[in-house]
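Colleague: Encoded as structure tokens, here's the structure I'll be asking about.
The values are calculated or read from the model by the stated rules, or taken from the named source; none is laboratory data. Predicted model only: the values in this text are computed from it and were never measured. For neighbour counting, all protein chains shown are included, and Cβ atoms are generated from backbone atoms with ideal geometry for every residue, glycine included.
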Amino acid sequence: MSTDLQKPLNIVAVSGGLNFPSKTESLIQEIIDELSDATPVQVHFIKFSEIGSLLGGAIYRHQLPQRVQDDLAAVEAADALIVGTPVYRASFTGLFKHFFDFVEQTALVDVPVLLAASGGSDRHALVLEHQLRPLFSFFQAQTLPIGVYATDRDFNADYTIQSQSLRDRITLAIARALPVLEWAPAKGHRAEIVKAKTEQANANLGINKQIEQEEVLPSVAVPSLDAAESRLQQKHLDKTKTQVA
């Protein structure tokens with residue numbers, strides 16, 4: 001068996017819930033547990049109930065406490081992300097967005113992201129599609145096909161999940177995600193490859209600093225896009241020659 005296939009997935013989970021206990025944290029933990037039952041993982045869990053108060057006021061990444069810089073580095077080095085937020089005023093929280101404003105903007109290309117959110121009612125369920133998916137599309141991450149949305153009625157008074165339909169949704173989301181998450185090339189390699197990006201971001205990245213980037217960014221987890229594009233172009237060229245002949 002391939003050594004890569006034996007390695008645990010390096011999963012970074014992010015909960016934007018600011019309170020403790022938190023429905024969002026409980027939801028993310030349930031997703032982690034379901035994933036760990038299906039495949040070996042090592043998990044770094046970033047909880048805004050713990051770091052939220054450390055985020056405000058920073059304009060440059062180097063102004064953040066070392067703990068938050070380490071969390072950002074973990075996000076950038078992850079094989080895959082599980083990301084969840086409570087819904088406030090029809091969107092994610094301001095601190096959640098502020099945190100991801102400090103992520104190096106080319107580090108998450110092709111990284112799988114499982115999206116989750118919790119809200120007071122079903123009215124906010126489209127936050128997954130209208131808010132979270134566009135955010136990670138900016139990073140050119142690979143948002144996974146099924147997200148998980150939970151409402152207050154899915155939880156017990158102690159914020160544990162009581163809804164079987166929500167558990168079924170989590171199981172379905174993981175089942176659909178596994179073929180992508182277990183794709184071997186990223187395992188164990190991204191941390192070293194993105195290290196230079198993280199160091200540069202720690203030194204220079206600011207939320208009010210304009211950064212130009214290519215429209216399509218190269219992935220650190222797959223062969224170069226140029227090589228893939230060349231193969232496709234050659235295939236089309238060969239097909240054209242065959243048709244002409």
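Colleague: Give the residues of segment 88-98 that are surrounded by fewer than 24 Cβ atoms within 10 Å (Cβ to Cβ) and either among the aromatic types (Phe, Trp, Tyr) or assigned to a loop (DSSP other than H, G, I, E, B) (or both), sorted by residue number.
Modeller: Listed by number, the residues that qualify are 88, 89, 90, 92, 93.
Colleague: Could you tell me which of the residues 38, 77 is modelled with pLDDT under 95, crowded, with 18+ Cβ neighbours inside 10 Å and among the aliphatic types (A, V, I, L, M)?
Modeller: Criteria check complete, one pass: 77.
Colleague: Further question on the same structure: If I ask for residues that are touching a Gly at 6+ places or on another chain (Cβ under 9 Å) and not aromatic (Phe, Trp, Tyr), which ones from segment 73-89 would you list?
Modeller: 79, 83, 84, 85, 86, 87
Colleague: Moving on to the next point. Just checking, which of 113, 83, 109 is over 16 Å from residue 61 (Cα atoms) and assigned to a loop (DSSP other than H, G, I, E, B)?
Modeller: Matching residue, one of 113, 83, 109: 109.
Colleague: While we're on this one: Quick check: anything in segment 49-69 in contact with a helix residue (DSSP H, G or I) (Cβ under 9 Å, 6 or more places away or on another chain) and within 20 Å of residue 190 (Cα to Cα)?
Modeller: Yes, the conditions are met somewhere in segment 49-69.
Colleague: Could you list all residues from segment 132-147 that are in contact with a strand residue (DSSP E or B) (Cβ under 9 Å, 6 or more places away or on another chain) and among the polar types (S, T, N, Q)?
Modeller: If the condition is that a residue be in contact with a strand residue (DSSP E or B) (Cβ under 9 Å, 6 or more places away or on another chain) and among the polar types (S, T, N, Q), then 137, 142, 143 are the ones that fit.
Colleague: Is it the case that residue 104 is part of a loop (DSSP other than H, G, I, E, B) and either of a type in the set (D, E, K, R) or surrounded by fewer than 16 Cβ atoms within 10 Å (Cβ to Cβ) (or both)?
Modeller: So residue 104 passes the test.
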